[in-house]
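The values are calculated or read from the model by the stated rules, or taken from the named source; none is laboratory data. Just so you know, these numbers come straight off a predicted model, no measurement behind them. Please note: Cβ atoms are built from the backbone with ideal geometry, for glycine as well, and neighbour counts cover all protein chains shown.
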Amino acid sequence: MSVEQMYQDIIIDHYREKHHSGLRTPFGAEVHHVNPSCGDEVTLRVAVDGDTISDVSYDAEGCAISQAATSVMCDLVIGRDVADSMALFAEFREMMEGQGEVVPDEDRLEDAIAFAGVAQFPARVKCAMLGWSALRDALVRSGVELPRLPDDKE
Amino acid sequence: MSVEQMYQDIIIDHYREKHHSGLRTPFGAEVHHVNPSCGDEVTLRVAVDGDTISDVSYDAEGCAISQAATSVMCDLVIGRDVADSMALFAEFREMMEGQGEVVPDEDRLEDAIAFAGVAQFPARVKCAMLGWSALRDALVRSGVELPRLPDDKE
Amino acid sequence: MLNPAAIRGDFPILDREVNGHPLVYLDSANTSQKPREVVEAMEAHYLRHNANVARAMHTLGAEATEAFEGARVKIGDFIQARSSDEVIFTKNASEALNLAAYTLGRRLGPGDEVVISVMEHHSNLVPWQLACEASGATLRWFDITEDGRLDLESAQRDGLINERTKVVSLAWVSNVLGTINPIRTVADWAHSVGAVMVVDGSQGVPQRDTDVNALGADLLAFTAHKLCGPTGIGVLWGRYELLAELPPFLGGGEMIEVVRMENSTYAPPPHRFEAGTPPIAQAVGMGAAIDYLNRIGMEEIAAHESDITARILSGLGALPGVHILGPCEVVDRGGAVSFTVDGVHPHDLMQLLDSRGVAVRGGHHCAAPLHRRLRVQSSSRASGYLYTTPEEVNALVEAVAWSYDFFNSRTGRKS
Amino acid sequence: MLNPAAIRGDFPILDREVNGHPLVYLDSANTSQKPREVVEAMEAHYLRHNANVARAMHTLGAEATEAFEGARVKIGDFIQARSSDEVIFTKNASEALNLAAYTLGRRLGPGDEVVISVMEHHSNLVPWQLACEASGATLRWFDITEDGRLDLESAQRDGLINERTKVVSLAWVSNVLGTINPIRTVADWAHSVGAVMVVDGSQGVPQRDTDVNALGADLLAFTAHKLCGPTGIGVLWGRYELLAELPPFLGGGEMIEVVRMENSTYAPPPHRFEAGTPPIAQAVGMGAAIDYLNRIGMEEIAAHESDITARILSGLGALPGVHILGPCEVVDRGGAVSFTVDGVHPHDLMQLLDSRGVAVRGGHHCAAPLHRRLRVQSSSRASGYLYTTPEEVNALVEAVAWSYDFFNSRTGRKS
Ligand SMILES: Cc1ncc(COP(=O)(O)O)c(C=O)c1O
Ligand SMILES: Cc1ncc(COP(=O)(O)O)c(C=O)c1O
């Protein structure tokens, strides 16, 4: 896997024009997450309407991988129901932690399959997960009951 | 150097009947010294009369080397003037730190030359010095002005 | 059954001669010897994969991080931790216990009590003295029975552990008496009053199959250099929920989340407690040591320890003038055998044994209060490990007998 | 002149290929590579002389103690300490700085001030935040000038150091900006108000001839892994009279004098501050590293650092879109060169360079407040050492130029 293959055009595109970027109201919860080793950070807000994620907005600074992953994530989850969004979280995490051995489902992950190559660079997996982890945390804080996912630590 | 040569008869003798052992009055200062690595300890009192060490008494527990060295030391310094006692201290220390290369002066050190062999066992040098260090400290605390010795650290 | 003859081939140092005799290394409770593969794992790391971890994300950095975090996983598995996030790297067991005492100490105040025992190593004693001094809490301790076991009865009678107790910290296995303490029983008692149970596993973890959950500990300290690993690294394991509550201890490096000049927030465990460049190569070495122990099998190692201990106890016990401290039978007993010899100070005994190639420790073994309690100033201690042979025990016993004669049948110059 | 080509033969890792390119290791300010002889010294120690120190007085114990204390002497000589008793072994520079902050912190109270700078590594910042938090003292700091130097003028104007100041703690050389701080000037100022001068020598000691007395420090922290030595060991040097006044920090093991259950007394320095089994093999390795550096010569090493730094500064400085943080000339400047590249996040730059075998660090380099002060979120850092060649600098410059193009001339799928 070359670095050219890792930085797919999809990633560069999302990095350049981050979809859904900028903090918006209304929102149910706001969280601030950082990747302490490189300082990447994201402030993320989520609004939930019934079972549905009605909006995700964010203000983030960081590398192409973390920025693009957050942008792609917003495309995926805004308007999706919470349980299915968390299922996507699990599928994305499985791909990222699979060290390149997990074949992703393009129908489900859409642009996010562009990150499959990143899974071969363990140091960058955290970058790709930053926005997703923030989203999940924000959902918890907004009081939504989340499903237990496969591979969760506790 | 064999261990049989290190444990000279002189040392065993002093270990068995520790000369001047037992705390006595009057005294000018009392100190308590320990060798933290093995726990050997000595409580030592010194009485000074003018320029002369008029008495050294002690209560000690420890190995044959530390006990015998303290016993021999008392034989040497009781009744001797302070400056010359400290000169003896320096000569004894020089022998002990000489790793067996320093030829001791038997006329000066008397029974203490039996410790020459101990100098080849660096771990035991501290044992042989325990009583001497306590004596020097006690002299300082009893207010005597001590000469600066060769090899003193500060 | 474990085969020490085969194992010895892995330990080059055991071929050494000392003072013209084959080395008989019976100071393993002090520090163990290292198999070649542990040393080679560190060598390969330094010469092929060396980089800083976490912060360095280039190829070498990724390799070093994987090796370092991989060691954390091995160690977590070795003690049956729920997650490797419960494994904090420290420099030795002492730092691990100080980390426990400083962070738990922040919760203590006047009226609170910390309970230890009179048989503790200084490293599980002085940190609690310092914590009590700083907080105004009171230090209390278990006494021991005449045969050197934890005196549960008098503790119960005195209400040693009570509603004021905030921390109980005990050695799993005594480094002097060899006693294996009933940690589970004491932990249940501690937990019934809401106290945190800290266990000093320095002597237990190297010799016994460890399951932190079965043990009942909330925090467990141990050290690599006693389990075939390198110096410079120890571990504090902790229940994650407890670790997550504890404040930071050492500050700096990667233990942070957000740092501003005005204030900082801290990373989650274990990184919160790992300030600065961690012992990277040492973690690799500790991981290799654990692979080595696992290959031989902790059950086998424990059985061998019992066998060697029984031989030392019966061999020394049969000698005139020898007095054993601690349990004389291998029941709830680890491998440290401390003893005194009439007329021969431990310091001198150590020297005499060394002249015959036999390495034991003489002194108070960092347990001065226990020696005071036993009314001896110091003692000698023999302790084996997986590489110790019955022949080495024989050499010890003969050398002790010879030393007794050396001092007690000397006539001296004047007699 | 030092000959890096010859020196490279001592570092097997430098023969490695990374992603099909020869390794260009420019992350030495993070951790240095290790010459074979350092690793072999530790190997020989573990496999031939391993035992615990101080407490073990048998032959192996005496050998290990001599090796360990011998390393202390080498280190004391290396920094021109008056006595090796002024050399305290810690696990890294961070522990050394925490030791300073915890023990000096015991003297602090509300109204007292501690002064650091905005360019400090977290390891010389968080410990002082914790100490101030615990004691009620106030943390203040030097700002920097536009060209990345300590702003002495504004400090003077604001009376930054004054009669309330109890401690001043500064990096000798910044790990981000490369700035060499005027320690002597600040130390004189600190001493004039009776404050203790602490110096973080982590980046200075590996590259420069160090004389603690000329430097003006009262305490100096540094770390072995940045000076060709092993991980797992650092040093706090201190003026003996100051160390003798400081209370203990970590408790346990051999840092004691007399231990009773009720209370304890403590050993004199340095042992008072060394709880538990010290990093024995690591001290041996650090001693070997110092022998190695001495053989090459610290003057030569410093001159080589200047040469390499000048090449990096001019090479990178000539590239479009590259901005250097800190002094752009090699005047009072060490070897860390941090920079940003327009349109390429440091994290990505690190990855792109790595794909061409070039190892640099990307992030905030454990100096987040400094980055905030410089109004950049993070940066990339290249840093060489005695083994770095001009050709490696060329490889870096080429790879940075390529990376700039990679990100900035990509069209993407939609455009
Ligand atoms: C200036 C400075 N201070 C402190 C440290 C911390 O050193 P260590 O990681 O060895 O604790 C470093 C290196 O990481 C440094 O560059
Ligand atoms: C029971 C016990 N606790 C603590 C320690 C301290 O371990 P370390 O020296 O690795 O800090 C030891 C060994 O020295 C020990 O035997």
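Below, the figures for the structure above:
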{"item": "Boolean, residue C:115 is more than 15 Å from ligand 2 (Cβ to nearest atom), surrounded by 24 or more Cβ atoms within 10 Å (Cβ to Cβ) and assigned by TED's automatic domain parsing to the domain that holds residue C:254", "result": "yes"}
{"item": "Which listed residue is more than 16 Å from ligand 2 (Cβ to nearest atom) and either more than 11 Å from chain D (Cβ to nearest Cβ) or in a loop (DSSP other than H, G, I, E, B) (or both), from C:163, C:120, C:133", "result": "C:163"}
{"item": "Region C:297-312 residues that are within 17 Å of residue C:177 (Cα to Cα) and crowded, with 24+ Cβ neighbours inside 10 Å, paired with ones that are β-branched (Val, Ile, Thr) and modelled with pLDDT under 95 (beta carbon under 9 Å, 6 or more apart)", "result": "C:305/C:330; C:309/C:330"}
{"item": "Selection status of residue C:283, in a helix (DSSP H, G or I), within 16 Å of ligand 1 (Cβ to nearest atom) and within 30 Å of residue D:97 (Cβ to Cβ)", "result": "yes"}
{"item": "Verdict on residue D:246 being closer than 30 Å to residue B:34 by Cβ and surrounded by fewer than 24 Cβ atoms within 10 Å (Cβ to Cβ)", "result": "yes"}
{"item": "Count of region D:327-365 residues which are closer than 18 Å to residue D:397 by Cβ and under 23 Å from the mean Cα position of the chain (by Cα)", "result": "16"}
{"item": "Tally of residues being touching a strand residue (DSSP E or B) at 6+ places or on another chain (Cβ under 6 Å) and of a type in the set (Ser, Thr, Tyr) across region D:374-400", "result": "3"}
{"item": "Within region A:1-59, tally of residues that are within 19 Å of residue A:76 (Cα to Cα) and facing another protein chain (nearest Cβ under 8 Å)", "result": "5"}
{"item": "Number of positions in region D:99-119 that are within 16 Å of ligand 1 (Cβ to nearest atom) and under 20 Å from residue D:183 (Cα atoms)", "result": "6"}
{"item": "Number of positions in region C:178-227 that are touching a residue at least 40 places away in the same chain (Cβ under 8 Å) and of a type in the set (Lys, Arg)", "result": "2"}
{"item": "Residue within region C:296-306 that is away from ligand 2 (no atom under 16 Å from the Cβ) and within 11 Å of chain D (Cβ to nearest Cβ) present", "result": "no"}
{"item": "Subset tally (residues that are of a type in the set (Phe, Trp, Tyr) and within 16 Å of ligand 2 (Cβ to nearest atom)) for region C:58-95", "result": "1"}
{"item": "Tally, over region C:187-205, of residues that are touching a strand residue (DSSP E or B) at 6+ places or on another chain (Cβ under 6 Å) and part of a helix (DSSP H, G or I)", "result": "2"}
{"item": "Wholly within region C:1-78, helices (runs of 4 or more DSSP H) carrying at least 1 residues that are at pLDDT 95 or above and assigned by TED's automatic domain parsing to the domain that holds residue C:278", "result": "C:36-44, C:59-78"}
{"item": "Qualifying residue in region C:138-156 (condition: more than 27 Å from residue C:373 (Cα to Cα), more than 16 Å from ligand 1 (Cβ to nearest atom) and touching a residue at least 24 places away in the same chain (Cβ under 8 Å))", "result": "no"}
{"item": "Residue check, residue C:79 more than 9 Å from chain D (Cβ to nearest Cβ), surrounded by fewer than 24 Cβ atoms within 10 Å (Cβ to Cβ) and within 16 Å of the chain's Cα centre (by Cα)", "result": "yes"}
{"item": "Cβ-Cβ under 9 Å pairs, at least 6 apart or on other chains, region A:106-121 side over 16 Å from residue A:9 (Cβ atoms), far side of a type in the set (Val, Ile, Thr) and surrounded by fewer than 19 Cβ atoms within 10 Å (Cβ to Cβ)", "result": "A:119/A:102; A:121/A:3"}
{"item": "All helices (runs of 4 or more DSSP H) inside region A:1-92 with 2 or more residues being hydrophobic (A, V, I, L, M, F, W, C), touching a Gly at 6+ places or on another chain (Cβ under 8 Å) and buried (at least 20 other Cβ atoms within 10 Å of the Cβ)", "result": "A:64-77"}
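Residues checked against (1) modelled with pLDDT of 95 or more; (2) among the aromatic types (Phe, Trp, Tyr); (3) out of contact with any Gly (no Cβ under 6 Å at 6 or more places or on another chain); (4) buried (at least 24 other Cβ atoms within 10 Å of the Cβ):
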{"site": "D:334", "(1), (2), (3), (4)": "yes, no, no, yes"}
{"site": "D:338", "(1), (2), (3), (4)": "yes, no, yes, yes"}
{"site": "D:343", "(1), (2), (3), (4)": "no, no, yes, no"}
{"site": "D:351", "(1), (2), (3), (4)": "no, no, yes, yes"}
{"site": "D:370", "(1), (2), (3), (4)": "yes, no, yes, yes"}
{"site": "D:373", "(1), (2), (3), (4)": "yes, no, yes, no"}
